[in-house]
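Step one of this worksheet: look at the structure below.
Any read-out appearing in this document is the output of simple, stated calculations on the displayed coordinates, not a laboratory observation. Since the model is a prediction, treat every value here as computed from it, not as a measurement. Cβ placement follows ideal geometry from the backbone for every residue including glycine, while neighbour counts extend to all protein chains displayed.
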Ligand code: GLN
């Protein structure tokens with residue numbers, strides 16, 4: 001087993017950076033172009049509060065789909081598990097994260113899970129707050145507390161790009177309205193979804209989210225931000241659906257809950273041990289960072305992080 005040190009992480013980054021060649025940068029995001037292809041950064045925060053970072057760890061990116069786990073935590077807080085999963089399923093899917101067919105053919109009307117776009121839009125419709133400014137404010141306050149970073153904010157240009165490029169998400173939302181899967185204000189749910197996708201974070205912020213989940217929902221100051229029963233649910237959903245239709249592969253090759261976003265971000269949760277935050281903007285066809293995914297698997301092997309390991 002390798003020792004977790006900054007030197008080890010530097011080597012791991014250089015080993016994994018070449019995997020970026022297998023991916024493409026999502027150029028629909030503002031300031032995302034091919035010059036970001038070779039960027040790869042990681043931060044790891046351990047439960048004893050040590051921080052290890054390497055590579056381009058201070059390069060901030062929009063949360064994109066990593067936001068889906070925060071939205072799920074808020075919806076669970078507001079409505080409880082039973083009500084949330086009456087609205088959204090908890091099963092993995094082999095379909096793409098923005099699949100339209102998946103919500104049409106799914107016999108129970110509900111989207112498959114909270115980690116696909118349709119599921120996350122429905123989850124957003126459940127978050128309480130009266131209006132979207134308040135609902136987003138709650139989201140951001142919760143995230144600031146989790147990350148211990150009061151500077152976190154939404155990037156207006158990313159938000160505008162989400163609106164401008166949102167035809168697919170609008171289609172999903174209005175289709176779900178037609179089937180009765182989405183019963184609340186469709187535009188409000190979409191707008192909140194667009195906003196939470198546009199919050200900017202760096203590797204350390206992503207790793208702090210992972211650490212909070214690894215510490216049973218207790219922040220470094222000792223305050224419990226999420227009750228254990230909700231945390232269990234969130235981690236199980238991350239494990240089965242967090243890497244989209246590659247989640248099975250990551251359950252086998254990483255063996256701990258992860259969540260990715262199309263900005264190339266990944267949050268990893270190794271319960272009782274560490275939170276992992278990765279940014280590597282070149283993504284594969286399923287939406288996962290290629291170099292970041294290679295790094296997650298390497299860390300799992302080298303540091304023995306797989307919860308199903310036998311030796
Ligand atoms: N903004 C992206 C979308 O809604 C986020 C999806 C993702 O990260 N997979 O399509």
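Points to keep in mind about this one:
- Relative contact order for the stretch 65-197, counting Cα pairs under 8 Å that sit 6 or more residues apart, in percent: 30
- Helix 290-303 and the longest principal axis of the C-alpha atoms of the chain enclose an angle of approximately 50°.
- The long axis of helix 132-147 is offset from the longest Cα principal axis of the chain by roughly 20 degrees.
- For residue 285 and residue 171, the difference between the fully extended length at 0.36 nm per residue and the C-alpha to C-alpha distance is 39.0 nm.
- Shape summary: the chain maps onto an equivalent ellipsoid whose semi-axes, from the alpha-carbon gyration tensor, are 28, 21, 19 Å in decreasing order.
- Normalising the average separation of contacting C-alpha pairs (under 8 angstrom, six or more residues apart) by the number of residues puts the relative contact order of the stretch 141-269 at 22 percent.
- Sorting 49-57, 196-204, 287-295 by average packing, meaning the other beta carbons within 10 Å per residue, from highest down gives 287-295, 196-204, 49-57.
- Helical contribution to [θ] at 222 nm, DSSP H n ≥ 4, -39,500 (n - 2.57), averaged over the chain, rounded to 500: -14500 deg cm²/dmol
- Among 252, 234, 270, the largest mean-square fluctuation in a Gaussian network model of the chain (Cα springs under 10 Å) belongs to 252.
- Normalised by the number of residues in the chain, the average gap of Cα pairs under 8 Å and 6 or more apart makes the relative contact order 28 percent.
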